[in-house]
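Undergrad: Here it is, the structure in full.
The values are calculated or read from the model by the stated rules, or taken from the named source; none is laboratory data. Just so it is clear, the model here is predicted, and its values are computed rather than measured. In this analysis, Cβ positions are derived from the backbone assuming ideal geometry, glycine residues included, and neighbour counts consider all displayed protein chains. Only protein heavy atoms, including side chains, enter the accessible area calculation; ligands, DNA and RNA are left aside. Shrake-Rupley method; radii C 1.70, N 1.55, O 1.52, S 1.80 Å.
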Amino acid sequence: MPQKTLNDGPRTGALAKAHADASAKRWWILAIIAVAQLMVVLDATIVNIALPSAQADLGFSDGSRQWIVTAYALAFASLLLLGGRIADLFGRKPAFLVGVVGFAAASALGGAANGFTMLVVARALQGAFGALLAPAALSLLNTTFTDARERARAFSVYGAIAGAGGAVGLLLGGVLTDALDWRWTLYVNVAIAVVAFVGGWVLLGDHRDAANAKLDVPGTVLVASGLFSLVYGFSNAETHDWGSPLTWGFLIAGGLLLAAFAWWQTRAAHPLLPLRILLDRDRGASFLAVLITGAGMFGVFLFLTYYLQLNLGFSPTKTGVAFLPMVGALMVTAQLGSTVLMPRIGPKAVIPLGFAIATAGMAWLTGIGVGSHYASAVLPQLIVIGVGLGLVMPTAMQLATGGVAAEDAGVASATVNAMQQVGGSIGTALLNTLAASAATDYMSGHNPASKLVQAQATIESYTTAFWWSAGFFAAGTVIAFLLHRRGVPTQDAEAAPVVHM
């Protein structure tokens, strides 16, 4: 039996202190990652609410307006997997810091825009640097938190930000547009980026888990062009129609390019997206859950924003405040779902339950009318939707990135972001088209000159979008229940990410 020495006490105390310091550092890293993620998520909606002001200031047409949103979405979606692999190959800290600085510089360029072209270029650059930053941030979270309980808490925070960031963007965009100027919806990213950069520089360690691998250039070209074609095709469905070659042509091209990418990944020596990441049953189901959530949430944010401002007469700031109860509900249930329910009953119960609750909330929201009140026709429904999405988002993101080898963490994280982005593009195209058709159909059977008829037609368009969003969530309920395994998932110790502080 080893002899106990007088030095054992101090040594034990030093180890305990080192462990406590490392644990504290992890939570500071989470804070920095959360700030960076918030900056990326905010930009999905913060600029949208300022578009009318930007259009009046710069003088571009209604037909050109969509490119302010589409330029960001196209660059972000098409470059995500490349950004994730760069983080794996060259280090997550450099990828994170370059992404933060580039995003801030592009935001400053957009804020200083003197015309439409300059603003579109800035938005595309934001999307490109966001495609580097977002997967680097999520993979840092995945490799920093390996303890099951701590990891669940970390992902509950991250998932809450991912789910609620759009609503926070509406609030912040409204406040900045009302109080200052539309340009500050872009300039604000510079201030956020300073915090993220300083924190990242001080706290993050530099490690390359896939340093011996090489970049899959053919795979990168195939997936980037495939995702670009897919998102561009869905974007064209808004401005053209589904029968336009610019719509179906790009959608078919995107499908073929992504099929070719999947085939190439089975033969590439260093695949960009190793198929082992996709073929795990729980992980694949979680990717689908993120896709469906991205498509369904569009109905909440865009059409409810229209309803609150155009029908109930809310200001941009008041509209943002109106979404806060949903954000609060989402954040509370994100903690509950990730740290309490998941470890006890597993994803096969938690994710379908969340989708079912969100389905009920969206169906309930279809009861809005011309003379409805926020407190009775919107507020309770938003809280219910927030409760449902809070159970789905963090849990799905945690499962989608959990258990992957450390060298694949970046590309797995990028796939999560790509699913959310493509889901949002699908929701944008489908719901806009269906809502416009519902309004046209209602007007054709009534007197189109009547203001009451026009108002009711807009209500028909909103409720149609809400019903379809409810349908997306209902499909998510069934898919998640059928695909997820029973029980609580166990993380393979050999596949578990390694902590690099």
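Undergrad: Pairs, please: C-beta under 6 Å, at least 6 apart or cross-chain, first residue part of a helix (DSSP H, G or I) and in segment 168-186, second open to solvent by 50 Å² or more (accessible area, probe 1.4 Å)?
TA: Leu176/Trp184
Undergrad: Could you please give the count of residues in segment 307-317 that are outside any loop (DSSP other than H, G, I, E, B) and closer than 23 Å to Lys451 by Cβ?
TA: Residues meeting the conditions: 5.
Undergrad: If you take the residues in segment 263-282 that are among the charged types (D, E, K, R) and open to solvent by 20 Å² or more (accessible area, probe 1.4 Å), which one is farthest from Met397 (Cα to Cα)?
TA: Selected residue: Arg267.
Undergrad: In segment 147-159, what residues are crowded, with 24+ Cβ neighbours inside 10 Å and at pLDDT 70 or above?
TA: Ala154, Phe155, Ser156, Tyr158
Undergrad: What is the residue count in segment 32-48 for residues that are in a helix (DSSP H, G or I), under 19 Å from Ala106 (Cα atoms) and open to solvent by less than 30 Å² (accessible area, probe 1.4 Å)?
TA: Result for segment 32-48: 6.
Undergrad: Scan segment 444-453 for residues that are outside any loop (DSSP other than H, G, I, E, B) and open to solvent by 80 Å² or more (accessible area, probe 1.4 Å) and report the count.
TA: Residues in segment 444-453 being outside any loop (DSSP other than H, G, I, E, B) and open to solvent by 80 Å² or more (accessible area, probe 1.4 Å): 3 in total.
Undergrad: Keeping to segment 41-78, report how many residues are within 15 Å of the chain's Cα centre (by Cα) and at pLDDT 80 or above.
TA: Result for segment 41-78: 3.
Undergrad: Enumerate the pairs (first residue in segment 308-323 and over 19 Å from Gly361 (Cα atoms); second residue anywhere and at pLDDT below 85 and not in a helix (DSSP H, G or I)) with beta-carbon separation below 7 Å, excluding pairs fewer than 6 apart on the same chain, so at least 6 apart or on different chains.
TA: Once the first residue is over 19 Å from Gly361 (Cα atoms) and sits in segment 308-323, its partners that are at pLDDT below 85 and not in a helix (DSSP H, G or I) give Asn311/Val370.
Undergrad: Related question: Residue under question is Phe301, and the condition is that it be under 24 Å from Gly369 (Cα atoms) and not in a helix (DSSP H, G or I); does it hold?
TA: Taking the combined requirement at face value, the residue does not satisfy it.
Undergrad: Between a residue in segment 37-50 that is in contact (Cβ under 8 Å) with a residue 60 or more places away in the chain and closer than 18 Å to Thr70 by Cβ and any residue that is among the acidic types (Asp, Glu) and part of a loop (DSSP other than H, G, I, E, B), which pairs come within a Cβ distance under 9 Å, given they are 6 or more apart or on different chains?
TA: Listed by first residue and then by second, the contacts come to Ala50/Asp181.
Undergrad: Can you tell me which residues in segment 338-351 are surrounded by 22 or more Cβ atoms within 10 Å (Cβ to Cβ) and not hydrophobic (A, V, I, L, M, F, W, C)?
TA: Within segment 338-351, Ser338, Pro347 qualify.
Undergrad: Which helices (runs of 4 or more DSSP H) sit wholly inside segment 217-281 and have at least 3 residues that are more than 30 Å from Ile68 (Cβ to Cβ) and of a type in the set (A, V, I, L, M)?
TA: 245-265, 275-279
Undergrad: Which pairs do you get when a residue that is closer than 24 Å to Ile277 by Cβ and open to solvent by less than 40 Å² (accessible area, probe 1.4 Å), found in segment 468-494, comes within reach of a residue that is of a type in the set (Val, Ile, Thr) and modelled with pLDDT of 85 or more, reach meaning Cβ atoms under 6 angstrom, with the pair 6+ apart or on two chains?
TA: Close Cβ pairs satisfying both conditions: Gly476/Ile292; Ala480/Ile351.
Undergrad: Only one of these conditions is not met by Ala134: (1) farther than 19 Å from Ala73 by Cα; (2) surrounded by 22 or more Cβ atoms within 10 Å (Cβ to Cβ). Which number is it?
TA: So Ala134 meets the others, but not (1).
Undergrad: Please state which of the following conditions Asp88 fails to meet, knowing it meets all the rest: (1) open to solvent by 60 Å² or more (accessible area, probe 1.4 Å); (2) at pLDDT below 80; (3) among the acidic types (Asp, Glu).
TA: (1)
Undergrad: If a residue counts only when it is touching a Leu at 6+ places or on another chain (Cβ under 9 Å) and farther than 28 Å from Ala154 by Cβ, which helices (runs of 4 or more DSSP H) contained entirely in segment 335-395 have at least 2 such residues?
TA: Output list reads 374-377.
Undergrad: Could you run through segment 421-435 and say how many residues are modelled with pLDDT of 80 or more, within 28 Å of Val404 (Cα to Cα) and open to solvent by 10 Å² or more (accessible area, probe 1.4 Å)?
TA: The number of residues fulfilling the criteria is 0.
Undergrad: Mind listing whichever residues of segment 369-386 are buried (at least 24 other Cβ atoms within 10 Å of the Cβ) and among the β-branched types (Val, Ile, Thr)?
TA: Within segment 369-386, just Ile385 meets the criteria.
Undergrad: On to the next question. For Ala285, indicate whether it is more than 29 Å from Leu97 (Cβ to Cβ), at pLDDT 80 or above, among the small types (Gly, Ala, Ser) and open to solvent by 10 Å² or more (accessible area, probe 1.4 Å).
TA: In short, no.
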